[in-house]
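S.K.: Take a look at this one; I'll ask things after.
None of the figures in this text is laboratory data; all of them are computed from the coordinates on show. Values in this document were obtained by computation on a predicted structure and should not be read as measured data. Don't worry about glycine lacking a Cβ; one is built from the backbone with ideal geometry, like all the others, and counts go over all protein chains shown.
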Ligand code: NAD
Ligand code: TDX
């Protein structure tokens, strides 16, 4: 496989994947991205044009998608509306991009007989209790809570049906919460880091007892590449790096690592339907495909991420005011 079509490659995880592919493989990449508020061409600016081509467009545009899929050897599908808080207020784009967009790509890979990897989330499984001894596995039942996670669950179901009904050569991965460079300032970790850099107090939803299972985006990329190259067609793989932390602990860690008092944050209005805990058991990925994360120490990964935001204000500053204005309307 040498020509990859990467959808959503100007977003957070997609752009990290394109960087990873350029650094670790010989593949040529075409990025298809609509450049919504979450997409940023600057995230790809450092990459050579001999290896990465950028196409601005919508994954739900069947004519455009048909031509790009025909010209590729494989498709890695990241493009989606991804923010839970947006999905609670404006669900329609989530249906359009996550469901109709995935359907449009599946029809093209079916027609042209191309390999497809679908990038999904652990949120399709709903949430766990804080004291639940089990973590999510590939056989956990689907139980999504939000408009975002329900559309991701729907897209996973479409992929499974296209494998079974039409023999499409697809794999699926469901990953836990990512952090790292190029993440939009609407998301939890970059929001708090950039707040502190601009003298704004971090904002914690509710009491901050909710637990997320953090993985560095570069480790997500190495896992997707491994599945693309060695995964079994039709299989689902969960991706995680044993990074469970509650939100209060993460905010306190960011504050102290940035030289502030650990309690210098505000508790704000909680998210409706807020999932309590996500946790991934990635045994299948490590046992069957031999994958291991590189960032096993969350604090080290966080330190590198804080440095990245400190050094790249020109990348994130243009989105910061509008993001905070949106949260202010919600009391968050
Ligand atoms: P993001 O919001 O940072 O980026 C999404 C990208 O998709 C943007 O560049 C946007 O312009 C593009 N896009 C949106 N709709 C499009 C459309 N209709 N056509 C073409 N491009 C479109 O998202 P992210 O955090 O990088 O997430 C990428 C994928 O990984 C998503 O599928 C998400 O569900 C999944 N995922 C994310 C996480 C996480 O922690 N962020 C965890 C697990 C899985
Ligand atoms: O300011 C905040 N304060 C806060 O306490 C924000 C933005 C979030 N939170 C909480 C809500 C969550 O418990 O932090 C946690 C993480 O929030 P998000 O960054 O919005 O992520 P989450 O809702 O967990 O979903 C993320 O991981 C799974 C991604 O946005 C999804 O795209 C991915 O599928």
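S.K.: Just to verify a number: FRET efficiency for residue 297 and residue 111, C-beta to C-beta distance, R0 = 41 Å, to 0.05?
M.R.: Here the calculated transfer efficiency is 0.35.
S.K.: Give the shape of the stretch 1-160 as rounded, prolate or oblate, defined through the alpha-carbon gyration tensor: a ≥ b ≥ c are the square roots of its eigenvalues, a/c under 1.5 means rounded, and otherwise the shape is prolate if a/b is larger than b/c and oblate if not.
M.R.: Prolate, since a/c reaches 1.5 and a/b exceeds b/c.
S.K.: Considering just Cα atoms, how many Å³ per residue does the convex hull of the stretch 119-198 enclose?
M.R.: Once divided by residue count, the hull of the stretch 119-198 is 129 Å³.
S.K.: Sort out for me the Cα centre separation of the stretch 140-213 from the stretch 32-69, rounded to whole Å.
M.R.: 21 Å
S.K.: Can you tell me which of 120, 49, 149 moves the most in a GNM of the chain? Springs connect C-alpha atoms under 10 Å apart.
M.R.: 49
S.K.: Hey, rough spin-label estimate for residue 322 and residue 23, points 7 angstrom out along Cα→Cβ, what's it come to in nanometres?
M.R.: 2.9 nm
S.K.: Then there's this: For 200, 13, what's the fewest-to-most ordering of other Cβ within 10 Å of each Cβ?
M.R.: Listing 200, 13 from fewest to most nearby Cβ atoms yields 200, 13.
S.K.: How many percent of Cα pairs in the stretch 1-93 exceed 23 Å?
M.R.: In whole percent, the share of Cα-Cα pairs in the stretch 1-93 beyond 23 Å is 22.
S.K.: Using only Cα atoms and rounding to the nearest 10 degrees, what angle (0 to 90) does helix 101-112 make with the longest principal axis of the chain?
M.R.: 30 degrees
S.K.: Let me ask something else. Quick one: among 67, 243, 180, which has the greatest mean-square fluctuation in a GNM of the chain with alpha-carbon springs under 10 angstrom?
M.R.: Among 67, 243, 180, the largest mean-square fluctuation in the Gaussian network model of the chain belongs to 67.
S.K.: Could you give the angle, 0 to 90 degrees to the nearest 10, between helix 313-329's Cα long axis and the longest principal axis of the Cα atoms of the chain?
M.R.: That helix lies at roughly 70 degrees to the long axis.
S.K.: Sticking with this structure for a sec: Mind computing the radius of gyration and Dmax over the alpha-carbon atoms of the stretch 54-98? Å is fine for both.
M.R.: 12.8, 38
S.K.: Sticking with this structure for a sec: Per 5 Å bin, what is the whole-percent P(r) computed from every C-alpha pair distance within the stretch 67-211?
M.R.: The distribution over the stretch 67-211 is 2, 9, 15, 18, 18, 15, 11, 6, 4, 2, 0, given as percents.
S.K.: What number, rounded to the nearest 500 deg cm²/dmol, is the helix-based mean residue ellipticity at 222 nm of the chain, given -39500 (n - 2.57) per DSSP H run of at least four residues and division by all its residues?
M.R.: Helix contribution divided over all residues of the chain: -12500 deg cm²/dmol.
S.K.: What shape does the chain take by its C-alpha gyration tensor, where a ≥ b ≥ c are the square roots of the eigenvalues and a/c under 1.5 counts as rounded, a/b above b/c as prolate, and the rest as oblate?
M.R.: prolate
S.K.: For the stretch 204-263, just the Cα atoms, rotate onto the principal axes and tell me the three extents in Å, largest first.
M.R.: 49, 23, 15
S.K.: Applying 1/(1 + (r/R0)^6) with R0 = 30 Å to the Cβ-Cβ distance of residue 56 and residue 233, what FRET efficiency is obtained, to the nearest 0.05?
M.R.: Once the sixth-power term is evaluated, E becomes 0.45.
S.K.: A follow-up question, please. What fraction, in whole percent, of alpha-carbon pairs in the stretch 216-306 exceed 15 Å separation?
M.R.: Roughly 68 percent, once rounded to a whole number.
S.K.: Could you calculate the FRET efficiency of residue 287 with residue 129 from 1/(1 + (r/R0)^6), where r is the beta carbon distance between them and R0 is 25 Å, rounded to 0.05?
M.R.: 0.40
S.K.: For helix 298-311, report the angle its Cα long axis makes with the longest principal axis of the Cα atoms of the chain; keep it between 0 and 90° and round to the nearest 10°.
M.R.: Orientation of helix 298-311: about 90 degrees from the principal axis.
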